[in-house]
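Accompanying notes for the structure given below.
The values are calculated or read from the model by the stated rules, or taken from the named source; none is laboratory data. The structure presented is a predicted model; accordingly, all values stated were derived computationally and were not measured. Glycine gets a Cβ as well: all are built from the backbone with ideal geometry, and neighbour counts include every protein chain shown.
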Amino acid sequence: MKKKRLACILTTVLACILTAILGTTPYSFAFAMENNNQQIIFNQNNFESDTHGNFPGSVSFVQNSIMPSHHGVQNDVQPHLTSLRKTMVLFKPKENHSQVIMTAKNSNNEIVDQGMMITPDKLTKIAGQTDFNGEISKPSEFGRTISDNATLSNFENDPEGQYFQELFNLYNSIHIQTSDGNWTRDFHLPDGEQFSNKVVTFNSNAGYNSNIFYTNNSLTLSRGNEFTLKNVDGIWYSSLDIELNKIAYISKTFSSILPASIIEPGLQLSFKSGNKESEVTNLNIGAPNELIIHTIDLGMLTSPRDEFSFQKDPELHRQYFQQLPISSLTVSEYEPQYFTEVMLPNGDLLTDFDPSQGGVYDGTMRQKIAKILVSHGIDNANYGINSSGGGSERWHPFSSAQFTAHNAVGKYVNGVQVHGLSGGNGMVTLESSIGNEFSHELGHNFGLGHYPGGFNGAIDRPADQVNSTWGWDADHNFFIPNFEKIITNKEQCYESECTLPFVGHRFGKGAMSGGAPLYTVQNGYTLHTPYELNKIQNFSESKAVFSPDSPTGFSKWDANSKQMSPWKNMVNNDLMTASNSQVERKPYKQGVPIATIVGYYDPNKQLSSYIYPALHGSFGAVYEDNFTDSTCKLNVFTRNSGTKVFNLHTRRLDQGYMNKIHVNIEEALKPYSANVSCDGNILASIELNEPQQELNTSVVSTKSEIQGCIVDVDTKEEYCLPVGGDAGYSLPEFIYNKPVYVKAPQGTAVVLSDWDNLSYNRIATFIGTVSNDDLKNVKANNGEFLDFSHPRSMKVVKSSEPLGCIVSLDTQDEYCLPVGGDAGYSLPEFIYNKPVYVRASEGTAVVLSDWDNLSYNRIAAFNPTVSHFDLKNVRAQNGEYLDFSHPRSMAVVNR
């Protein structure tokens with residue numbers, strides 16, 4: 001069938017013309033411009049204005065992906081904003097302007113943020129982009145050529161690049177050629193100025209890909225590829241870096257980053273430049289979706305693999321978070337489990353091997369133990385469900401976005417087999433936890449099938465077509481393009497439809513459609529297409545979240561009221577007889593270390609019941625039992641809280657199979673033994689071991705925790721701690737005994753000592769912004785007047801004292817004072833005579849002057865929050881109308 005090619009975007013018109021002239025291969029725009037340093041713009045759309053007023057322009061938002069605010073490609077399917085997530089705002093005016101001030105207001109029309117937008121020339125860069133604009137060319141001859149397998153093997157398992165170092169001591173240029181039978185997986189180029197001007201060219205004629213790792217970057221070397229890299233002043237660059245450096249997402253566009261705390265329904269933005277002003281309203285802001293992933297490394301009749309990379313690496317948690325429309329990701333860690341014997345729900349006890357055929361997708365233990373007993377067991381224990389059928393997956397309510405991911409390996413009749421490549425219904429079975437397998441299998445849990453949406457949902461596209469977006473790493477502030485870094489001039493196709501490359505770069509595919517991470521050094525997970533993200537978001541908003549602050553222990557998004565509302569966790573209360581009766585299950589604690597008790601019991605007392613060793617986890621929900629009293633019970637004996645009794649079903653729920661048990665016990669109770677009984681007969685018992693290792697919980701979000709800080713006067717380096725945090729015995733070396741000033745925002749106070757370990761009450765507490773001079777000669781807790789201007793130890797505590805602040809439009813830095821405080825003769829340099837707005841706590845007013853020292857009654861008082869523009873042309877105490885938008889002195893008084 002002849003492939004259908006879509007219309008070209010503006011930047012690839014030349015490529016299309018060349019295609020028509022030269023044949024079916026679509027030459028890239030980069031090919032036509034290879035000697036041109038002109039910037040190449042990905043998004044050149046010119047939609048109808050999103051704003052209302054005399055300052056028209058297009059507004060887009062960036063969270064995990066870039067999305068339109070209102071106007072976009074017709075019939076496109078995109079996600080919407082997620083509440084409580086850091087957000088970049090992109091504003092492209094219809095006319096050129098040199099400066100734009102953006103103001104954010106909440107649903108009560110109160111200013112929650114205001115600042116100068118970042119100018120277009122400082123727009124966020126692409127992952128791996130550099131400032132290098134030199135030339136890199138392949139040498140006409142090389143000092144050394146390496147193409148044999150014996151020599152190529154020297155590069156394997158050499159992450160420091162030591163073999164390269166030896167070669168560079170002898171040669172200035174090296175040619176590496178891989179081919180079938182002469183290959184190695186990884187090449188690591190060493191950094192260092194001693195390698196400046198060294199050049200390496202890689203060629204591949206091998207069926208297997210190789211990875212080239214160089215300064216903060218990587219390349220995939222495939223058959224037919226040729227890359228030349230050069231070291232310049234200690235840093236390696238490739239010829240592809242030069243081409244990538246020419247690309248920007250959009251032109252003539254201002255940007256600002258808003259904190260997660262203000263991204264809530266009702267948010268409205270306004271843009272102002274001179275006498276031009278407009279606003280964008282009616283923004284679609286959805287739920288603050290949350291995801292919980294429990295992780296366990298499982299060995300069944302063989303030891304666990306110890307290859308569950310995602311489980312133990314917070315950086316991987318952070319990277320995966322960047323790919324999802326959620327406000328927080330929680331990753332719990334379970335101890336690895338080696339089941340030396342395996343009881344199946346049909347009563348078969350395995351002690352040597354599973355007689356079934358095992359494989360990636362096959363094996364009785366894979367299905368019955370790893371998936372149904374362990375993964376569903378962990379999930380159900382967190383819902384407060386004590387027991388369920390042991391033979392099928394249908395007993396999982398899937399009430400929240402809570403998944404249990406496992407690495408599982410088992411010993412079968414055909415040997416030791418690794419399981420993986422499977423996901424759905426709250427379970428994830430992984431062979432590899434880095435790369436598309438992880439993105440894909442979790443995608444199934446979000447309700448996504450293969451190739452969702454067909455061509456319009458599966459394939460990444462240019463900006464003027466549906467299903468186009470880039471990703472964003474909000475922590476490191478770089479964009480992740482939806483096309484490959486290498487230039488191949490290849491189309492990306494699904495069935496009979498194709499999309500042309502963007503200036504030679506082939507577009508990617510979604511995680512559910514054979515995709516892969518495109519910029520692996522920066523992110524190890526696949527960029528979801530907008531269509532996929534929309535479905536993930538819809539799934540997440542339909543689920544409840546665990547919520548300690550809710551009166552029911554859970555909350556759920558109400559699309560009508562646009563808020564999270566209490567949700568009742570109702571489960572079947574049919575332990576004694578089949579019925580439609582339900583009971584509400586509310587955890588008495590959440591997010592605590594737990595021992596999850598799993599196993600099987602037979603209410604008919606025919607099959608051999610069995611309790612597995614406790615699964616120790618870092619994070620879970622625990623419940624008191626409020627089910628109807630039953631004749632089958634799980635009894636857990638604890639050292640700190642006596643016996644905990646949990647009622648179980650008294651009939652088999654799956655024909656031919658025992659029921660399974662799944663109950664969380666708080667580790668703080670020190671459980672030491674458990675048994676299961678029916679009709680007073682003990683069916684199985686076990687002694688419970690304590691955890692054997694420290695277990696960690698990782699929580700990833702973009703919410704900024706309020707912190708109190710000290711700032712080095714000379715270097716401007718900050719040392720910050722959250723409320724309740726302390727520096728330990730002493731401050732870190734970079735700020736220990738150095739001249740500092742204090743920044744303690746509303747809600748915090750900084751406690752300093754001139755001695756180590758906050759010793760002998762030689763401490764004092766400071767709130768607001770306190771200069772270095774004002775830290776001297778301060779009365780300490782011990783009654784002495786001491787000098788805290790060069791502190792040695794520190795902690796941060798909670799403060800309820802109200803502050804009045806001014807906030808810099810340029811940097812968002814705050815200068816805050818308590819009631820009765822003043823800035824002295826003048827404001828500090830970082831905010832003196834700078835554009836600001838006022839933020840005053842209830843009960844306070846900020847007094848500003850356009851002169852030093854609050855002089856000559858050239859003052860006025862402002863509260864609670866006052867826009868920069870409303871600080872202009874204000875009647876001062878001396879009767880004049882003055883401009884206080886760039887103040888020079890300040891005080892805070894009672895309102």
> Out of (1) loosely packed, with under 15 Cβ neighbours inside 10 Å; (2) touching a Pro at 6+ places or on another chain (Cβ under 7 Å); (3) outside the structural domain of R888 (by TED's automatic domain parsing), what's the single condition that is false for D810?
Replying inline: (3)
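Just checking, how many residues over segment 576-585 are in a loop (DSSP other than H, G, I, E, B) and surrounded by fewer than 19 Cβ atoms within 10 Å (Cβ to Cβ)?
Of the residues in that region, 6 qualify.
I need a count of the residues in segment 49-93 that are of a type outside the set (D, E) and part of a loop (DSSP other than H, G, I, E, B). Even if it seems obvious, please write down each step before you answer.
Within segment 49-93, the first condition is being of a type outside the set (D, E), and the residues that meet it are 49, 51-75, 77-93.
If we keep only those that are part of a loop (DSSP other than H, G, I, E, B) as well, we get 49, 51, 54-56, 63-64, 69-75, 77-80, 83-86.
Of the residues in segment 49-93, 22 are of a type outside the set (D, E) and part of a loop (DSSP other than H, G, I, E, B).
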> Can you spot a residue in segment 773-783 that is closer than 16 Å to S889 by Cβ and either assigned to a strand (DSSP E or B) or out of contact with any helix residue (DSSP H, G or I) (no Cβ under 9 Å at 6 or more places or on another chain) (or both)?
Replying inline: yes
>> Which of the numbered conditions does P159 fail, given that it passes all the others? Conditions: (1) within 17 Å of L219 (Cα to Cα); (2) assigned to a strand (DSSP E or B).
In response: (2)
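Would you mind stating whether K276 is touching a helix residue (DSSP H, G or I) at 6+ places or on another chain (Cβ under 9 Å), in contact (Cβ under 8 Å) with a residue 40 or more places away in the chain and surrounded by fewer than 18 Cβ atoms within 10 Å (Cβ to Cβ)?
Working: touching a helix residue (DSSP H, G or I) at 6+ places or on another chain (Cβ under 9 Å): no; in contact (Cβ under 8 Å) with a residue 40 or more places away in the chain: yes; surrounded by fewer than 18 Cβ atoms within 10 Å (Cβ to Cβ): yes.
So K276 does not fit the description; no.
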> surrounded by fewer than 17 Cβ atoms within 10 Å (Cβ to Cβ) and either more than 28 Å from the chain's Cα centre (by Cα) or modelled with pLDDT of 95 or more (or both), is that true of E243?
Replying inline: no
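Looking at segment 631-662, which of the residues that are in contact with a helix residue (DSSP H, G or I) (Cβ under 7 Å, 6 or more places away or on another chain) and over 13 Å from V676 (Cβ atoms) is surrounded by the most Cβ atoms within 10 Å (Cβ to Cβ)?
Keep residues of segment 631-662 that are in contact with a helix residue (DSSP H, G or I) (Cβ under 7 Å, 6 or more places away or on another chain), which gives 638, 640-641, 660, 662.
Right, trim to over 13 Å from V676 (Cβ atoms) and you get 638, 640-641.
Values: T638: 20, N640: 9, S641: 14.
The selected residue is T638.
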> Cβ-Cβ below 6 Å, separation at least six or inter-chain, first residue in segment 363-391 and without any contact (Cβ under 8 Å) to a residue 24 or more places away in the chain, second of a type in the set (D, E, K, R) and crowded, with 24+ Cβ neighbours inside 10 Å: which pairs?
Replying inline: T364/D354
>> Could you list, ordered by first residue, the pairs with Cβ atoms under 6 Å in which the first is in segment 423-452 and over 19 Å from Q322 (Cβ atoms) and assigned by TED's automatic domain parsing to the domain that holds E393 and the second is basic (K, R) and modelled with pLDDT of 95 or more, at least 6 apart or interchain?
In response: M427/K371
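Name every residue in segment 800-814 that is within 30 Å of the chain's Cα centre (by Cα) and either under 26 Å from D726 (Cα atoms) or not in a strand (DSSP E or B) (or both), in order of residue number. Don't jump to the end; show me each part of the working.
Looking only at segment 800-814, we keep the residues that are within 30 Å of the chain's Cα centre (by Cα), and these are 807-814.
L809, D810, T811, Q812, D813, E814 - these are the residues of segment 800-814 that are within 30 Å of the chain's Cα centre (by Cα) and either under 26 Å from D726 (Cα atoms) or not in a strand (DSSP E or B) (or both).
Please indicate, with yes or no, whether at least one residue in segment 857-871 is in contact with a helix residue (DSSP H, G or I) (Cβ under 9 Å, 6 or more places away or on another chain) and over 25 Å from V711 (Cβ atoms).
Within segment 857-871 (the criterion being in contact with a helix residue (DSSP H, G or I) (Cβ under 9 Å, 6 or more places away or on another chain) and over 25 Å from V711 (Cβ atoms)), the answer is yes, since at least one residue qualifies.
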> Across segment 382-420, which residue is farthest from the chain's Cα centre (by Cα) among those that are of a type in the set (A, V, I, L, M, F, W, C) and within 25 Å of L324 (Cβ to Cβ)?
Replying inline: A408
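If you take the residues in segment 539-561 that are assigned to a loop (DSSP other than H, G, I, E, B) and small (G, A, S), which one is farthest from the chain's Cα centre (by Cα)?
Our first condition is that a residue be assigned to a loop (DSSP other than H, G, I, E, B); within segment 539-561, this holds for 542-543, 547-553, 559-561.
From what's left, small (G, A, S): 542, 547, 550, 553, 559, 561.
Details: S542: 21, S547: 20, S550: 24, G553: 24, A559: 24, S561: 27 Å.
Checking each candidate, the answer is S561.
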>> Scan segment 408-419 and tell me whether some residue there is within 20 Å of T596 (Cβ to Cβ), outside any strand (DSSP E or B) and either touching a residue at least 24 places away in the same chain (Cβ under 8 Å) or out of contact with any helix residue (DSSP H, G or I) (no Cβ under 8 Å at 6 or more places or on another chain) (or both).
In response: no
> What residue, of V73, V77, is surrounded by fewer than 21 Cβ atoms within 10 Å (Cβ to Cβ), touching a residue at least 40 places away in the same chain (Cβ under 8 Å), in contact with a helix residue (DSSP H, G or I) (Cβ under 8 Å, 6 or more places away or on another chain) and not charged (D, E, K, R)?
Replying inline: V77
> If S513 satisfies every condition in (1) more than 24 Å from Q590 (Cα to Cα); (2) crowded, with 23+ Cβ neighbours inside 10 Å; (3) within 18 Å of the chain's Cα centre (by Cα); (4) polar (S, T, N, Q) but one, which is the exception?
Replying inline: (3)
> What are the residues in segment 432-471 that are surrounded by 22 or more Cβ atoms within 10 Å (Cβ to Cβ), of a type in the set (S, T, Y) and farther than 19 Å from F483 by Cα, if any?
Replying inline: S433
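Regarding T220, is this residue over 21 Å from I487 (Cα atoms) and touching a residue at least 24 places away in the same chain (Cβ under 8 Å)?
The answer is no for T220.
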> Residues in segment 618-630: is at least one crowded, with 23+ Cβ neighbours inside 10 Å and within 19 Å of K368 (Cβ to Cβ)?
Replying inline: no
> Do any strands (runs of 3 or more DSSP E) lying entirely in segment 290-381 carry at least 2 residues that are within 28 Å of the chain's Cα centre (by Cα), aliphatic (A, V, I, L, M) and not assigned by TED's automatic domain parsing to the domain that holds S618, and which ones are they?
Replying inline: 290-300, 328-333
> Given the conditions (1) hydroxyl-bearing (S, T, Y); (2) assigned to a strand (DSSP E or B); (3) closer than 25 Å to D475 by Cα, and given that S278 satisfies all but one, which numbered condition is not satisfied?
Replying inline: (3)
> Of the conditions (1) more than 36 Å from the chain's Cα centre (by Cα); (2) farther than 19 Å from Y741 by Cβ, S867 fails just one. Which one is it?
Replying inline: (1)
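Of all residues being among the hydrophobic types (A, V, I, L, M, F, W, C) and buried (at least 19 other Cβ atoms within 10 Å of the Cβ) in segment 260-273, which is farthest from the chain's Cα centre (by Cα)? Just the residue, please. Walk me through how you get there before you give the answer.
Step one: list which residues in segment 260-273 are among the hydrophobic types (A, V, I, L, M, F, W, C), which gives 260, 262-263, 267, 269, 271.
Those left that are additionally buried (at least 19 other Cβ atoms within 10 Å of the Cβ): 260, 263, 267, 269, 271.
Numbers: A260: 13, I263: 16, L267: 23, L269: 25, F271: 29 Å.
Result: F271.
Given T119, T130, which one is at pLDDT 95 or above and surrounded by fewer than 22 Cβ atoms within 10 Å (Cβ to Cβ)?
Details: T130 fails: at pLDDT 95 or above.
T119 is the lone residue from the list that is at pLDDT 95 or above and surrounded by fewer than 22 Cβ atoms within 10 Å (Cβ to Cβ).
Would you be able to tell me the number of residues in segment 555-575 that are over 22 Å from H396 (Cβ atoms) and buried (at least 17 other Cβ atoms within 10 Å of the Cβ)? Spell out how you get there, then give the answer.
Residues of segment 555-575 that are over 22 Å from H396 (Cβ atoms), as a first pass: 558-566.
Filter again for buried (at least 17 other Cβ atoms within 10 Å of the Cβ), leaving 564.
Qualifying residue count for the region: 1.
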> Regarding L827, is this residue in contact (Cβ under 8 Å) with a residue 12 or more places away in the chain, of a type outside the set (F, W, Y) and either surrounded by fewer than 15 Cβ atoms within 10 Å (Cβ to Cβ) or in a strand (DSSP E or B) (or both)?
Replying inline: no
> If you take the residues in segment 693-751 that are assigned to a loop (DSSP other than H, G, I, E, B) and among the hydrophobic types (A, V, I, L, M, F, W, C), which one is surrounded by the fewest Cβ atoms within 10 Å (Cβ to Cβ)?
Replying inline: F734
